[in-house]
Each structure stands twice: as C-alpha cells, then as structure tokens.
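Note sheet for the following structure.
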Amino acid sequence: MNKVYRIGDYLLQHARENKDLSLMEGKMGISIFCFIFSRISNDNKYSEFAELLLDDIYKEISVNHTSDFYHGLAGIGWGIEYLVQNKYIEADTDEVLEIVDISTLKALTTNASLHFGLNGYLGYLLYLTQRLKNSKNLSSVPYKINKELLIYVINKIDEVCHNHFSQIGTDTSFDLTLDFPVLMIVLERVSQLNLYNVKLERMVNQFSPYFETKMPAMNINKLYLASAVNKLLLRVPNLRLEKQVQKLLFSIDYNEIKDEVDENNYTIRYGTWGVKYILWQFLVSMPQNDLNWKTIVQLYNSFSYAQDILPETQEGATNQTSLKELGLLGGIAGIGFSNLFLPSVIDDLSYNSMKQPLNLLFNN
C-alpha cells in the first residue's frame, strides 16, 4: 500500500497541471482513482483533491470539446455516471450530462465515418450502457433517447464489424484497447441491460465463422480475446463459438507470452500491469486443477513490479526511468489503480481470496 500512497501523493502535487480532461488519459480518470483510493485508505485528502479535478473539468469543458469516449465527452460522462452510481458524488446525471447526451446524439446521427473502436462506436455504446444502467425514470426523455441511440449503435456495430474481422491476426504488440476483445467486453455489459438481447444472440452467432478462420498472432492477445469471449458467452451462450474459444486457448504457447511484452513498460494499456490484469481475469474463471493453472500463475508472478515509476525517488533524486504520463491507461494513476486491485504476486492466500477484480476499463 505504501507504493500506492506515493503514487497518490504524487498525483496530488501534479495532476492539476495535466491539460487533458479525458477518462483514459486525463483528469477524469485520475479523479476516479483518487475517489477510490480515498475510500479504501479512509483518507479524505484524496477525495477532496478528486473534487478539485472535477471542478477543473466542469470549468474547462465545453460543447466544442471532442465527443468520443477515449479522448472526450463520452468518456467524461461515463466517469461521472460511475461516480454517482457508486455514491462518490451526488448529482442528477440527466441534468449534469445533458451536454454529453447532446454531443453523443449529434456525433452518432451526423458523422457517417465514425471509427469502430473505443474512439468510435464501441466507446459511445459504453457511455450509453452506463447511462441506462441505473435509470430510475424509464419514461424520461433522456432515457428514451439514450435507449433508442443504444439500439441504433448496436445495429451499426452489427453492420460494420464484419468489415473489421480481417484485422484479427495482424497484431504486432499487446494493447488492452484492441477492438475485438473490447467489442466482446462491451457487448457483455450491454447484455446486462436486457434491452436488446435477441439482437445480441444473433450477432454472437454470426461471429463464429470468423473465429474459425481468424485468430490473433500473439499469444497474449489470444488469451485476452478468449477471456473476453468467454465472459460474453456466460451471458449469451453459443456452443459453436465456445468450441472456437477452446481451439484458441489450445493454440496458446504460454511460455512465449513473457517475450511478447516489454517488461520496461508498466502501464495498463501496453505493459505488464495490463498483462497481469488479463492473466488474473483468466485465473479467476478457471479451476485450480486446470492443467495450465500453475503455468499461468508462474507467468503472472514473473512480471515484476516497477520498483520506482515516479519521476522522483523516495530519496528525492531524479529517476531517469520514470513514467511521465499521469492518466489511467498509459500513466501513473493506472499503475496505482492496478496495485489496489491486483496482487503483485499470487500465492495460496491470493487464490483463496480470489474474487472478480474491478474491470480496469469498463466494469463497476
């Protein structure tokens, strides 16, 4: 926990200098980390600072701000919904997020060339899912509009995703934001709304032929995709796709995964903490007597924790190998987040207390 305190204190000193307001790389994500750490540590200085970051966002945001999830308003709106739904702050999100709802509606209905991934359709679908998740007034105008938009986006994803399956197998590095694992994760979240599950069942059924002929090139990305699909299949069962996942898992060489990742990159998006997150998620879902259990545990434990990722060491000297970015996916806040919810090493005690960890991107 001492490492997380150092990260938290560093963010207290420097996060307001960050001009990025976004969820993934900016003040919104850092604010969420500070709220969570404040509750866990029972230290109000972090929640008070998180509120200052929100004030910065409210002051600096405008209708002209980019609208997408990764960089813009949709991600910020998702973050505010997360904080309200988990009782970190109090707000009427129909009122507070009106500008985000308008921006999302405009982007989806006027932009014919949206990207597919988190900076496009998948990101907007995440935002709409979060908005609809805890809606209390099903007859309100925001609920009705967002529900229709959610159905619209699902239909658009179904329409365009088949053009993107050719990307599977072209991966050359690990990336937690790869389109198809994210697609599976997002559809699993959508399925929990029970608003359009017949359509989701049809989509999942149509995925099977593509997975019979395509698979990621890298072993870690195979594991990531298999883990994401398995989670979706718990909500939307499909025997044919389940068989393809088993073939995908069988093709993985776990001994090669360590060589596929840059051990000097500790970020969630590209580095070792992202890999540890995927390995942990997979271990949570498998029995301890599985033939690959020990291999995956050994792999998880082989990724060492960065001894010092802050620009200044504990002794006050300059750290030449430090991480300069502050945000969730590619920066210091994300590493602090990982340390709160993932063990640095798995032992018998870790296994006995295993539970589904906080999904570092999308789940609350």
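The values are calculated or read from the model by the stated rules, or taken from the named source; none is laboratory data. Being a predicted model, the structure only gives us computed values, none of them experimental. Here Cβ is always computed from backbone atoms with ideal geometry, including for glycine, and neighbour counts include all displayed protein chains. For accessibility, only protein heavy atoms count, side chains too; no ligands or nucleic acids. Shrake-Rupley method; radii C 1.70, N 1.55, O 1.52, S 1.80 Å.
If you wrap a convex hull around the C-alpha atoms of the range 104-145 and split its volume per residue, what is the figure in Å³?
55 Å³
Provide Leu21, Leu12 ordered by accessible surface of protein heavy atoms (probe 1.4 Å), highest first.
The residues order as Leu12, Leu21, largest area first.
Leaving ligands, DNA and RNA out of it, report the carbon-plus-sulfur percent of the accessible area of the chain at a 1.4 Å probe.
Here carbon and sulfur together make up 48 percent of the probe-accessible area.
Heavy atoms of the protein only, probe of 1.4 Å, neighbouring chains included. What is the accessible area of Glu242 in Å², nearest 10?
Answer for Glu242: close to 90 Å² accessible.
Hey, what's the chain come to in accessible area per residue, 1.4 Å probe, Å²?
Accessible area per residue, the chain: 45 Å².
For Lys199, list the lysines whose Cα falls under 18 Å from its own Cα; do not include residues on the same chain fewer than 8 positions away.
Here the lysines satisfying the reach criterion relative to Lys199 are Lys147, Lys156, Lys231.
Can you give me the distance in nm between label points at His115 and Ile151, each placed 7 Å from the Cα along the Cα-to-Cβ direction?
Between His115 and Ile151, the simple spin-label model gives 2.9 nm.
Considering the dipole of the chain built from charges on the beta carbon (Lys and Arg +1, Asp and Glu -1) around the Cα centre, which of Phe250, Leu21, Ser302 is farthest to its positive end?
The listed residue farthest towards the positive side: Phe250.
When the helices in the chain are scored as -39500 (n - 2.57) per DSSP H run of 4 or longer and the sum is shared across all residues, what 222 nm value do you end up with, to the nearest 500 deg cm²/dmol?
So the helix-based figure for the chain works out to -18500 deg cm²/dmol.
Keeping all protein chains in the complex and leaving out DNA, RNA and ligands, what accessible area do you get for Arg39 with a 1.4 Å probe, in Å² to the nearest 10?
Rounded to the nearest 10, that gives 130 Å².
Quick one: grab the alpha carbon gyration tensor of the range 216-271, order the square roots of its eigenvalues as a ≥ b ≥ c, and give me rounded if a/c is under 1.5, else prolate or oblate depending on whether a/b is larger than b/c.
Oblate, since a/c reaches 1.5 and b/c is not below a/b.
What's the percent breakdown of Cα-Cα distances in the chain across 20 Å bins, shortest bin first?
29, 59, 12
When every alpha-carbon pair in the range 154-281 is counted, what percent end up more than 19 Å apart? Could the numbers behind the result be given before it?
On the way: 3812 of 8128 pairs.
Roughly 47 percent, rounded to a whole number.
Nothing charged except the Cβ atoms of Lys and Arg (+1) and of Asp and Glu (-1): what's the magnitude of the dipole of the chain about its Cα centre? Round to the nearest 20 debye. Please report the intermediate quantities before stating the final value.
Details: 32 positive and 41 negative charges, 219 e Å.
Value, rounded to 20: 1040 debye.
Say each of Asn2 and Phe165 gets a label point 7 Å from the Cα, pointing the same way as Cα to Cβ; how far apart are those two points in nm?
5.3 nm
Calculate, in nm to one decimal, what Asp9 and Phe250 gain on full extension: separation in residues at 0.36 nm each, minus their alpha carbon distance.
Residue separation times 0.36 nm, minus the Cα-Cα distance, leaves 82.3 nm.
Round to a whole angstrom and tell me the spacing of the C-alpha centers of the range 1-35 and the range 63-98.
17 Å
Quote the accessible area belonging to Ile102 in square angstrom, nearest 10, computed with a 1.4 Å probe and with ligands, DNA and RNA left uncounted.
Accessible surface of Ile102 is approximately 90 Å².
Give the separation of the Cα centroids, the range 243-304 to the range 121-172, in Å.
Answer, in whole Å: 29.
So which of Lys214/Lys258; Lys133/Lys247; Lys19/Lys144 end up more than 26 Å apart by C-alpha?
Lys133/Lys247; Lys19/Lys144
Among Leu73, Leu291, Leu126, which one shows the highest mean-square fluctuation when the chain is modelled as a Gaussian network with alpha-carbon springs under 10 Å?
Leu291
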